Each structure stands twice: as C-alpha cells, then as structure tokens.
1. Tell me the relative contact order for segment 44-179 as a rounded percent, counting alpha carbon contacts under 8 Å between residues six or more apart.
2. Could you give the spread of the C-alpha atoms of segment 58-124 along their three principal axes, from largest to smallest, in whole angstroms?
3. Leaving ligands, DNA and RNA out of it, rank THR134, THR81 by accessible area with a 1.4 Å probe, largest first.
4. Can you tell me the order of 54-67, 115-128 when each peptide is scored by its average per-residue count of other Cβ atoms within 10 angstrom, highest first?
5. Tell me the angle of helix 8-21 to the major Cα principal axis of the chain, expressed in degrees between 0 and 90 and rounded to the nearest ten.
6. Mean projection of the alpha-carbon convex hull of segment 119-179 over all orientations, in nm²?
7. State which entries of LYS112/LYS169; LYS33/LYS170; LYS33/LYS144; LYS113/LYS165; LYS22/LYS86 exceed 19 angstrom in Cα-Cα distance in the structure shown.
8. For the Cα atoms of the chain, what angle does the longest principal axis make with the long axis of helix 157-166, in degrees from 0 to 90, nearest 10?
Amino acid sequence: MNEQTYEPMDIANYLVSLALKKEKVITNLKLQKILFFVNAKYLLDHDGNSLMNESFQRWTYGPVMQSVYENFRGFGSDQITKTQGKFVFNPSDPFNAKYEDFDENVIPDSVKKECGEVFDALIDYDPFVLVRFTHFEDLWSDYKKDILNRTAPPYNDQEIFEYFKDNPKKKIWETDNAK
C-alpha cells in the first residue's frame, strides 16, 4: 500500500522552479516552511503515506529538511535564484560521480499539482509568519527546550499526519484556515 517517496531535493527544486516561473520570492526559510506544509497535506491526502524519504528536523525556526537546507544554504537569507542539481554516484565506480541538473519530470503531475496548491496558498506569506504557524503547533512547541539544547528528535510522518488530522484548523494551506 505504500506509495513511492521522493527525494526531498526534487520536491524542493520543484517549489523553487514554481517560484521562478511565477516570479515569486522564495528564500531557504520560506522554502523549508512551504515544504513542511506540502508534506503535511500530502500525508493527509494519502492516508499517512510519506511524500519524501527523509524526516524534518526540529530547529529554532521550525521544521527543516536538512538536505534541502544544505543544498540551498549558499543563498543565505537571500532569494533563491536557481534550482540545485545533484551528484549521482555509480555504486560500481564511486569515484566517478556525475552532476545532473534538476529534472522536474521525476515528479508525477499529480504530485506537482498538490505541491502547487500549497505553494499558491503560502508563497505570499512573510517567512516569519510561516515560522510562527509552525511554532504554534504542538509538534514544535512541545520540544522547545530540546530544540534550544539541540537534542530534539526529528519529526516523523505519523505524528505530522495525526496532528493535522486531529487539528483541521491548522491546515493553513486551506484558505479558511489561513486567516
């Protein structure tokens, strides 16, 4: 019953490509929050099946997908102006990695549509408003002390699924809840 999961960078790059196409500003901070809410919506729409094959970490400014952060950190707090490719390693020749640009065709149209819905609902928010939304969630606030001590456990998709299922007003990607 488990559906396919995707590399976090593929989903993140797709969100960045949407921002570029729609001439919207997206920073690493904003990307992280939109990515988190994309994941939450996907979990709800797919009976708790994971969208990505990595977990979010609990950081000071809310949920962070560390591999995505690392890949876009060169932009600092500035606007992300391009997608990031990746190195693909050949197991039979690990010293011969090949760099590949992002190819949005690795994501099915149905997943792109779901990502686009959340993107459209949240892209115009200030990133610190999105941070506040994540801080108001028990998923983050219950771990505040651990977050400050850098000992907080990662999020798991089951707890994200249960949280948003049990708290429908927290689905900020839905127009009525964003107010």
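1. On the way: 98 pairs, mean separation 45.1, N = 136.
Relative contact order of segment 44-179: 33 percent.
2. So the three principal-axis extents are 44, 32, 24 Å.
3. From most exposed to least exposed: THR81, THR134.
4. Working: 54-67: 19.4, 115-128: 17.2.
The densest-packed peptide leads the list: 54-67, 115-128.
5. 90 degrees
6. Details: hull surface 18.5 nm².
Answer in nm², one decimal: 4.6.
7. LYS112/LYS169; LYS113/LYS165; LYS22/LYS86, as the Cα separations exceed 19 Å there.
8. 30 degrees
The values are calculated or read from the model by the stated rules, or taken from the named source; none is laboratory data. Since the structure is predicted, the reported quantities are computational estimates derived from the model, not experimental observations. No Cβ is skipped: glycine too gets one built from the backbone with ideal geometry, and neighbour counts run over all protein chains shown. The protein model used for the area step is the full one, side chains on, heavy atoms only, and it has no ligands, DNA or RNA in it. Shrake-Rupley method; radii C 1.70, N 1.55, O 1.52, S 1.80 Å.
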